[in-house]
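Following: one structure in structure tokens, then a few remarks.
The values are calculated or read from the model by the stated rules, or taken from the named source; none is laboratory data. Computed from a predicted structure; not experimentally measured. Note that each Cβ is placed from the backbone with ideal geometry, even for glycine, and that neighbours are counted across all protein chains shown. With ligands, DNA and RNA removed, areas are computed over all heavy atoms of the protein, side chains included. Shrake-Rupley method; radii C 1.70, N 1.55, O 1.52, S 1.80 Å.
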Amino acid sequence: MKTLKFESIYLLSQDERRARKITFSPRRNLVVGRNHTGKSSLIKSLFTALGARPEGSLDRWDKNAVALVRFSVNGESYHALQQQSYRALFTADGRCLLATAAASEWGAAFADLIGFNLVLTGRNQEAVGADARAFFLPFYINQDGSWHANWSTFPSIKQYKAPVQPILEYFTGVKPPKYYETSALRDIAQAALRELQREQKLVLHVRERFGKTLPLSGPKTVPDIFEQDVSRLTEEVTRLNRQQEELRNVQVRDQEVFDSLQLQVQMAREALRTYDGDASFLRTEPHDTLTCPTCGAEHNRTFLDILHYAEDARVLRELVIRLQADSGKVGKELERTRRRLHELDRSYWDISQVLEVRRGDLKFDDVVKSMGAEVAFVAFENELRGLKAQIDEKLSAIEIYEAKLKELTSRKRSKDILGLFRSSYAQARVALNLPIVDTKKLRLTSRPDVSGSGGPRSILAYYAALWATSFGEYGSFVVPLVIDSPQQQGQDETNLPKMIEYVSRNLPEHSQIILGIEAATSEKFDHVIDLSEPYQLLKEGEYASVNAVVAPYIEQMYASLFSGSEEQAR
């Protein structure tokens, strides 16, 4: 099994000059705090940084805040940095593996890092690789949305078509990672088979047409074919001339746009360099007052805030990235135009060679007469024989893949998995003080829809059954179990402690747990994170130490984004 665990999170607001570092135990973690103390902000920041923005907004939260999450995959640590739509992935020693503003690019990199190879169906019926939202969906009970009958943990999960069933089947082992790996190999073999069969059909068709045109009794020639061919080649040259003129006009326009964008990028980067110098001076040099160079007015050190330097820098960075992205697109178009012009040059050369040869002593008729039809038919047979051998090889491979897929989705396997899920759900209901129900028809997707105080306990029992099954014999991943605030729908003084006790004692032994509750509990947890002040999750006293850790990652992310955009532009 592959194991993912959260190690720590650094939260930084450069605008408010406040920050917070929080570490996590690899086992059981308790986050305690009343409303508005930051429980949900802390938990949501974990998932947002990894590319899975949860349902629900954060009240009085700096939208430009930075989150740096340290997590491990099978014991190997990584860092994920997020600021607004920008994300970067780093190794434990700080080497940048990826920096991007594209959600799809981040999702693919995250899935590749942890070996998450689930394939879902998009809204347009296309096959789409699942990302962090699908990865965390069965393992996170979000305060906003997850305690009800609908799967509303991550709102943007709706970009997939009916994703819940394949996600649950993937993690519980009904269709495990090996299934999708084998399925991908089968699809590749089937695509290669279709191409070989298409080629075989084409060769058979050409051989049939060739046999009608040039029978074995001897080559059939037409004297005026040569003159007709020269005429056709001349028409081809005329067409190439016209196409070349059009492409050159396109190239000139693209070059002008490209040069203009590059100039704008250079100007924006120069403005950033000016900001960096001014900001460094204001931060490091001792000043009792600051004098405005324009009007001579004197200001205290909050002059930096009045000028909104930090906000200006962020806008400039975004402008540079957008301009360089636009420049990259235009650069690609320019490169495509250049390649097409180069291809035209090769076409000119080929035609010229043909015409030169045919203007010499060698006649087209002589070439045809010098060839026997027998040679051509032997070549056809050799080609068909080779294609048949390759087709047989692909058919054999597809048969093997199909057998493996049947084994991975056997009735016995599915029955065992469903049996474990049903028994786990029944046991959880008893432990959570819920009435016994018939589970014979219960499916993986049978999310409870119960009103009143029994609703949240039924939901917790359902998730617990999913977790027991996912971490069982047929599962492939161990993912952190995050439960945000079980105090839902009027849990009384008897049932709420039951829920907390169940989370503390009855969840899978080797799992990492993060539980958010409003008041202290007597249950034992390995690490307790106490949040006591409303709207004070981030602390002024931690700003300097956290900023010293996070700032190099931020600089490296934006440097990588800038350099990546420049490479695209070239």
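Tabulated results
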quantity	calculated
Options 369, 412; residue that is at pLDDT 85 or above and either farther than 30 Å from residue 457 by Cβ or open to solvent by 80 Å² or more (accessible area, probe 1.4 Å) (or both)	412
Every residue from the stretch 519-532 that is surrounded by 15 or more Cβ atoms within 10 Å (Cβ to Cβ) and either among the acidic types (Asp, Glu) or not in a strand (DSSP E or B) (or both)	521, 523, 525, 531
Filter result (part of a loop (DSSP other than H, G, I, E, B) and surrounded by fewer than 21 Cβ atoms within 10 Å (Cβ to Cβ)) within the stretch 4-17	15, 16, 17
Flag for residue 93 being buried (at least 22 other Cβ atoms within 10 Å of the Cβ) and among the acidic types (Asp, Glu)	no
Subset of the stretch 415-431 [touching a Gly at 6+ places or on another chain (Cβ under 9 Å) and either polar (S, T, N, Q) or not in a helix (DSSP H, G or I) (or both)]	424
Those residues of the stretch 117-128 which are open to solvent by 10 Å² or more (accessible area, probe 1.4 Å) and in contact (Cβ under 8 Å) with a residue 24 or more places away in the chain, in sequence order	117, 119, 121, 123, 125, 128
Filter result for the condition that a residue is farther than 30 Å from residue 465 by Cβ and among the hydroxyl-bearing types (Ser, Thr, Tyr), over 152, 85, 72, 146	85
Pairs where the first residue, in the stretch 414-425, is among the basic types (Lys, Arg) and the second is surrounded by fewer than 20 Cβ atoms within 10 Å (Cβ to Cβ), C-beta under 9 Å, 6+ apart	422/439; 422/440; 422/442
Options 271, 279; residue that is in contact with a helix residue (DSSP H, G or I) (Cβ under 6 Å, 6 or more places away or on another chain) and at pLDDT 75 or above	271
Residue under evaluation residue 405, criteria (1) open to solvent by 60 Å² or more (accessible area, probe 1.4 Å); (2) farther than 30 Å from residue 484 by Cβ, criterion not met	(1)
Total residues in the stretch 29-51, condition open to solvent by 10 Å² or more (accessible area, probe 1.4 Å) and of a type in the set (A, V, I, L, M, F, W, C)	1
Verdict on residue 20 being among the basic types (Lys, Arg), part of a loop (DSSP other than H, G, I, E, B) and in contact with an Asp or Glu (Cβ under 8 Å, 6 or more places away or on another chain)	no
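Every residue, every condition in (1) open to solvent by 60 Å² or more (accessible area, probe 1.4 Å); (2) closer than 24 Å to residue 514 by Cβ, yes or no:
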site: 424; (1), (2): no, yes
site: 443; (1), (2): yes, no
site: 451; (1), (2): yes, no
site: 457; (1), (2): no, yes
site: 465; (1), (2): no, yes
site: 470; (1), (2): no, yes
site: 474; (1), (2): no, no
site: 494; (1), (2): yes, no
site: 497; (1), (2): yes, yes
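This table checks each residue for (1) open to solvent by 10 Å² or more (accessible area, probe 1.4 Å); (2) aliphatic (A, V, I, L, M); (3) at pLDDT 90 or above.
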site: 130; (1), (2), (3): no, yes, yes
site: 133; (1), (2), (3): yes, no, yes
site: 140; (1), (2), (3): no, no, yes
site: 151; (1), (2), (3): yes, no, yes
site: 156; (1), (2), (3): yes, no, no
site: 159; (1), (2), (3): yes, no, no
site: 162; (1), (2), (3): yes, yes, no
site: 170; (1), (2), (3): no, no, yes
